[in-house]
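Bear in mind that the values in this text are calculations on the coordinates, not laboratory data. Note that the structure is a prediction, hence the values are computed from the model and not measured. Because the Cβ atoms are built from the backbone with ideal geometry, glycine has one as well, and the counts that use them run over all protein chains shown.
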Amino acid sequence: MAFSSRTDSPKLPDFSMLKRLVKDHLVYLLEQLPGKKDLFIDADLMSPLDRIANVTTLKEHEVDKLYKVELKAIVSTAQQLCFLIRPRIQTVKWICDVVNADKAAGIERKYKIIFTPQKFYSCECLLEDQGVFGDVSVDEWDFLLLPLDDDVLSMELPEFFTDSFLAGDQRWLKTAANVLRLLHMLYGPFSKVYGIGRCSKMTHELWRETLEEEAELKERRAEIGKVFIIDRDVDFVTPLCSQVVYEGLVDDIFRIKCGCVEFGSDVTSSDKGVKVMLNSQDAVFSEIRNQHFSNVFGFLSQKARNLQTAYDKRRGMDIRQIKAFVSEELKGLKQEHRLLSLHIGASESIMKKKTKQDFQELLKTEHSMLEGFDLRESITYIEEHIIRQVSVVESLRLMCLLSLTENGLQSKDYRSLKTQYLQSYGYEHLLTFSNLKQLGLLTEQQTGDTLTVMENTVGKLVNDRTAGKLSDAFSSLAKKSNFRALSRKLSLVPKCDEEYDLRVPRDMSYIFSGAYVPLSCKLIEQVLRADGWAGLEEVCKLLNGHEFSVTGNPKGDQDEAQRIVLVLFLGGCSFSEISALRFLSKEKGYRFIVVTTAITNSSRLLEALLRNHQ
Amino acid sequence: MAFITANWSPLGDTFYRKTELYEMCWTLRDGFKDSLVAAAPYGGPIAVLREPIRRSPSSRPQLDIFSASGVSIASLTWKSGPVVHLGWTVNDELLCIQEDGTVLIYDLFGTFKRHFSMGQEVVQTHVLEAKVFHSPYGTGIAIVTGSFRFTLTTNIEDLKLRRLPEVPGLQEKPSSWLVLSQDRQTKVLLSVGSEMFVLDNTSCTAVVPPGLSPQTGSIIHMSVSFSYKYLALFTDTGHLWTGSAHLQDKLSELDTKQTVTPKQMVWCRRPQSQQPSVVLMWDSLLLVAGLSNDTIQFALDESSVLVGEMDGVRIVGATRQELLQEVPLVCQDIFKIASMAPGALLLEAHREYQKSSQKADEYLREIKEQSMLGEAVRQCVDAAAHEYDPSTQKSLMRAASFGKCFLTDFSPDSFVSVCRELRVLNALRDAAVGQPITHDQYKQLTLQVLIDRLVYRQFYPLAIEICHYLKIPDFLGVSRVLKHWASCKVQQKDLSDEAIARAVCGKVGDSPGVSYSHIAAKAFECGRTELAIKLLDSEPRSGDQVPLLLRMKRSQLALSKAVESGDTDLVYTVVSYLKNEMNRGDFFMTLRNQPVALSLYRQFCKLQEPDTLKDLYNQDDDHQELANFYVTASYKEQRLETRVSLLQSAVDEFNKARNDFCAKATEDEMKLLRFQRKLDEEKGAGLQGLSLQATAEVLLSLGLHKQAEQLYRDFRIPDKRYWWLKLTSLADKGDWEELDKFSKSKKSPIGYLPFVEVCMKHNNKYEAKKYVSRVTPEQKVKAHLAVGDVHGAADVAIERRLDAEISAVLSRVSSSDRPIIERLQRAAAAKK
């Protein structure tokens, strides 16, 4: 890889233990319902479950048939039904209906609900309300973390984002705190915890509380030294930018699900699609995943040539050598060959798709938004985008990006863009806009007067103690993005005097073609360097505060583990951010472990906010 | 010192000793005359219930509770019914069993705790006799009633009364009986004359003690050992039979030559007993009967009570208390006259050493020659643990310490721990505390229990000192003491809430494991709600505050604490509680001050009770959300009229919220819906639900140009959009002629590049080329390239001399086309 890397990076802890623990727990729970049973699984738990326990394992524990939860009447003749679900009211309501329907039809069965990662009191209340509390047994499967890769752990909880930031619901914070507790227990003790954002702060406090309840950790060598917790709403700009690093691009176009992607027939150049695991086990992928897309093609063709040379060695071999070649090298080469052709196919497909929409133009517009140039041109571009109905989400993304970088749109533009959008995509998006406004993603610039009035009222509220909480919880309502100021303070947009050589990245901005250093990652870098928020006071103010840094276990400061940093993204992180952190780790000799509530990108983020949500 | 053996008496081949524990602090008139006495084992408290001296209807018995040393703890006048029996539970609670079968429970301080009954039938038949017994299940009570039936419970904390089967032919009070706890069963053993029966849950079995000859007469007294393993029977001919409690083996039989029933008969054993014995007490005689048929007799000069312990018998008299026990083997070894045991020699050596005599060395040598020094130290340490007199303990420990100096690899652990333990034991034995427990009892009780007992007696400072001294982890030791102290403190009625809260917080601080909510709950139980709230403020875990606050009906506070805790389940608990407790208006008002709870409730309503949600917004005058609510509702509706009316409501609310943009947009939507319906009805266009743009597209594709124009005017569709629409729809239809006309109708607001691109999209190069010339200069290169005219593009690029354009062209030129490449490169170079 072309990074000017430090070679002394510490070794990552082994996360396969997490998988084992979770699997054992699931098996234990299934065994609690002895005998044959049908298993109903929440649709979005299917892929994560597959990574933990495959069908064979489930069958071994007497699971007869597997169904996806579809909230419809069921056809099952089994004597025992087991439901493996997220604690959602709708699903629980459906189970109640199933049980009550059985009762009405005089069918006697055993029911068991396994909530993961935890049950909520409201779910149990519903069971009680519907009169089935006595008929079902309830369990919890603490499936908190799914290791997606050596350095990426996901909670697979996309709804964390909307629940916590849009609905103002804190139900998942306890879960996040449990994640910290688990990691602390297995890989701690942590020596330092930094964080920013309201959710981060609460999560941290909840975790500290559980810590006090438990007896002292045994003296143990920490495997993870530092922790950084960050709220997604601290930085919305980064996930809304087009991704141009290979892994991010693949995610944007093909959608990576649980570390696994489904390539269509256009990639495989055969009539069948194929499912591929994308992680560091894939030798080719691991070399290109963090590279700027413009390098990938060249890299892959070089690789192809090398492969050819390796194959060509066969010529002029005697029998013995051929035998050795076949038994030792050929299999590896074949494997590499297969992967290589797959990724070349994927790249081609990406190229095709991206040039069609004039990808360069799009990137140029994004870059000028980030730099704050050519506002009018950007607006014209977006208008055209909307008029041509390129895509519901893409148009929205550009509008949000513009609003974020400009600290809100001018009243005239705000209205005209929204009108255009409603005309193109339907009036139901009024609700979408309401959601976006609440999150501060798409806002109207406040004129001087209204702003001061607003601040006065907020100020008054803050003075009042109980109401202080109010403004706390809904601070996002009055939220400004302050991107321009942040960008200046943290020099997020590099001066582009000279051409940026993407093959030799200088800084993290390479993940956006040298146009922008992701704010989230920049914060992490700065805080780690200063060992706290010192010197970043103004930045924190611009980010709405809630920053903290707490020293935990001060022992072993010189330890290797101090360079292993766990970054917890509450509300999701994108592959580009992971790539940026990987770059940072090479540069500064850290190792980052990314823990996220879910992998996100611009489409997932915005789709969750479209009007249909709930 | 030399007379340590002075109070030793030989019994068989071993010795018994009687150690004085206390000069009793109490002053009892007439000793125990006319009194019921109960003394708890393990040096526990003593209760004395004395019948009034002058019997008159108005006079009442007096109940006193003393510590083992006779310090008065509580004194009260007995106002309930006649008491048959007194006994102590394992938790140091006093059980008073009344004639009518009611059992009253008092704590150490004479505070009434609760009561229960031993059964209804007893009220008539009365309790003849009762016994309190201890088993692994806890403390139990057995009674025999006036109808000669037995009833028992094995654990008074978990009361289950068992009425035992009838004894056939029993017409009088059994001459003696007791409770056995063996093989996880509780049985009653009773004697009627010379017959014996065992009563268990289901049956009554006659039993015969092996080897007890019928001539020995009827059994009038029996006793079982502390561990329920051994049994002693006393007959009216003065014979004492001992054997196993299973009645399978006989140990011994002895003629005491006493024919009066003894007042008490108690086993006296110790762990690794050489010579267990039975202690019998008559009015002025104490007889220790060993199994080897040997006896010791002591004269009693005052009425006394025997208390069986695990390693001896305590003799509690009116003026003093003594401990009678078999002398532990190790003490015998050391102190026996002319003993040559290593420990004895070491003790002697140390004594000589203190006198600065060289004999010390001789003794030491003697021990060392047998290489028994380690053993000697051990003996001294062990013996010290068993001694009651501090000066004896000291001399033994000093000797051990002295001997230890000559050993290199002797682990000091036992020495250190015995030192510590003795210090603790001596503190406990002090008359002011009055818990005379032996080292063996201490080991059996465990330190935890010991501290608990101190705490029950409210010796808080001592308990804390002990915890600190023995270095018990805080959450096991000090915290538990503090917790109890605080719970007790909050009950002090003479102190103000403020003072108590301050005292509690000051002492407890943030000791681990002390829960303020627990203390607060206690305060609430005593009716001190304000104090409870003050204390709850110090509780760091808000989660623990909430349930109590709800119980105290401080629901508002509970809600804010729940919100602070960050635990949604807790918030939900409070919310659902409030929902049921309050009227709707108040409930909403409460939620209004708690955004987190409010949003949680909103989430709930969204899924469960949409109408409540509406009320909620109404209450808050949140017109914006109310409008959104109507908009959402409109999409769930199929019928157009309902949709439109819902949207109208939304418009009204948007207006109230002064959101003219949304109001306008919603009005447009209604207009569009009506427009679509009209056309659907007239032309069957299938427009319902499409967006404005899609509607226009459909209209154009259907050739309904007039209607499309109308749409364009009515909805003020921007020109750009309209041109795009027309362009694409004409191209889609392949109506190139119309497109050409359209392009010339007026100057295109979107330029002409889109014309080129759209034509190319339909692979119509010919038409595309028509528009290339009309494209603005800035986009010309692009246009040329779009139609594949590299030469044209090159010409324009060279003319315009822009790097970006030149390189854009270069990237598209095929490498074989040398001349163009050269021209472009020249142009690029010339520019520089």
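Would you work out the charge dipole size for chain B about its Cα centre, treating the Cβ of every Lys and Arg as +1 and the Cβ of every Asp and Glu as -1, and quote it to the nearest 20 debye?
Charge dipole of chain B: 3520 debye, to the nearest 20.
Students often check this: by mean Cβ neighbours within 10 Å, which of A:62-70, B:739-747, A:572-580 ranks highest, and how do the rest follow?
Peptide ranking by packing, descending: A:572-580, A:62-70, B:739-747.
Based on the alpha carbons, how large is the Rg to Rh ratio for the range B:426-572 when Rh follows Kirkwood?
A ratio of 1.07.
Counting only other chains, and only Cβ atoms inside 10 Å, what mean value do you get across the residues of B:562-573?
Mean partner shielding for this stretch: 6.
Report Rg (one decimal) and Dmax (nearest whole number) for the range B:511-670, counting Cα atoms only, units Å.
Just the Cα atoms of the range B:511-670 yield Rg and Dmax of 21.1, 68 Å.
Hey, what's the Cα Rg ratio for chain B versus the globular rule of thumb, 2.2 N^0.38 Å?
1.75
Please report the relative contact order for chain A, taking Cα pairs under 8 Å with a sequence separation of at least 6, and give it as a percent rounded to a whole number.
21 percent
Of B:501, B:599, B:242, which is farthest on the positive side of the dipole of chain B, counting Cα position, with +1 on Lys and Arg Cβ, -1 on Asp and Glu Cβ, and the Cα centre as origin?
The one lying farthest along the dipole's positive direction is B:599.
Report the local net charge at residue B:531: Lys and Arg +1, Asp and Glu -1, summed over other residues whose C-beta lies under 12 Å from its C-beta.
+1
Past the 22 Å Cα-Cα mark, which pairs from A:418/B:747; B:579/B:606; A:364/B:770; B:553/B:579; B:18/B:336; A:522/A:588?
Check vs 22 Å cut-off fails for A:418/B:747; A:364/B:770.
Quick one: which residues, 5 or more positions from residue A:517 or on another chain, have an amide H under 5 Å from its amide H? H modelled 1.01 Å from N in the peptide plane, none for Pro or chain starts.
Under 5 Å from the amide H of residue A:517 lie the amide H atoms of A:493, each far enough along the sequence or on another chain.
Expressed as a whole number of Å, what is the distance separating the alpha-carbon centroids of the range B:34-81 and the range B:629-676?
86 Å
Can you sort B:118, B:670 from fewest to most other Cβ atoms within 10 Å of each residue's own Cβ?
Going from least to most buried by this count: B:670, B:118.
In peptide A:121-134, how many Cβ atoms from other protein chains are near each Cβ within 10 Å, on average?
Averaged over the peptide's residues, the number is 2.
Considering Cα pairs under 8 angstrom that are at least six residues apart, work out the relative contact order of the range B:331-550 and quote it in whole percent.
Contact order relative to length: 11 percent.
I'd like the antiparallel share, as a percent to the nearest 5, of DSSP beta bridges with both residues in the protein assembly as shown.
Looking only at bridges with both residues in the protein assembly as shown, the antiparallel portion is about 75 percent.
What order, most packed first, do the peptides A:383-392, A:129-138 have when packing is the mean number of other Cβ atoms within 10 Å of each residue?
In descending order of packing, they fall as A:383-392, A:129-138.
Which far-off residues, 5 or more places away or on another chain, put their amide H under 5 Å from the one on residue B:220, with H placed in the peptide plane?
B:234, B:235, B:236
Of B:529, B:344, B:411, which is farthest towards the positive pole of the range B:331-550's charge dipole, taken about the Cα centre with +1 and -1 on the beta-carbons of Lys, Arg and Asp, Glu respectively?
B:529
Report the far tail of the P(r) of the range B:331-550, meaning the percent of Cα-Cα pairs longer than 29 Å.
46 percent
Which residue, chosen from B:41, B:323, B:484, occupies the Cα position most advanced towards the positive end of the dipole of the protein assembly as shown, where the dipole is computed from +1 (Lys, Arg) and -1 (Asp, Glu) charges on Cβ about the Cα centre?
Most positive-ward Cα: B:484.
Quick one: which residues, 5 or more positions from residue B:182 or on another chain, have an amide H under 5 Å from its amide H? H modelled 1.01 Å from N in the peptide plane, none for Pro or chain starts.
B:187
HN-Hα J couplings of the range B:547-563 from phi, Karplus 6.51/-1.76/1.60, θ = phi - 60°, integer Hz, Gly and Pro as x?
x, 5, 4, 5, 4, 7, 6, 9, 5, 4, 4, 4, 5, 5, 5, 4, 5
Quick check for me: using +1 on Lys/Arg Cβ and -1 on Asp/Glu Cβ, what's the dipole size of the range B:331-550 about its Cα centre, in debye to the nearest 20?
300 debye
Could you give the distance between the Cα centres of the range A:106-148 and the range B:720-762, to the whole Å?
59 Å
log10 I(q)/I(0), Debye, Cα-only the protein assembly as shown, no solvent, q = 0.08 Å⁻¹?
Per q value, in the given order, log10 I(q)/I(0) is -1.12.
As a test of the formula, what do you get for chain B when each DSSP H run with n ≥ 4 contributes -39,500 (n - 2.57) and the sum is divided by the residue count, at 222 nm and rounded to the nearest 500 deg cm²/dmol?
Dividing the helical sum by the residues of chain B leaves -14500 deg cm²/dmol.
Treat every Asp and Glu Cβ in the protein assembly as shown as -1 and every Lys and Arg Cβ as +1, leave all other atoms uncharged, and give the resulting dipole magnitude about the Cα centre to the nearest 20 debye.
Once rounded to the nearest 20, the dipole reads 3440 debye.
Report, as an integer, the average count of C-beta atoms from other chains found within 10 Å of each Cβ along A:86-99.
If you average over the peptide's residues, the count of other-chain Cβ atoms is 1.
Once each part is reduced to its C-alpha centroid, what is the distance from the range A:6-57 to the range A:307-336 in angstrom?
Between the Cα centre of the range A:6-57 and that of the range A:307-336, the gap is 38 Å.
Two-decimal Rg/Rh of chain A from alpha-carbon positions, Kirkwood Rh?
Computed over Cα atoms, the ratio is 0.98.
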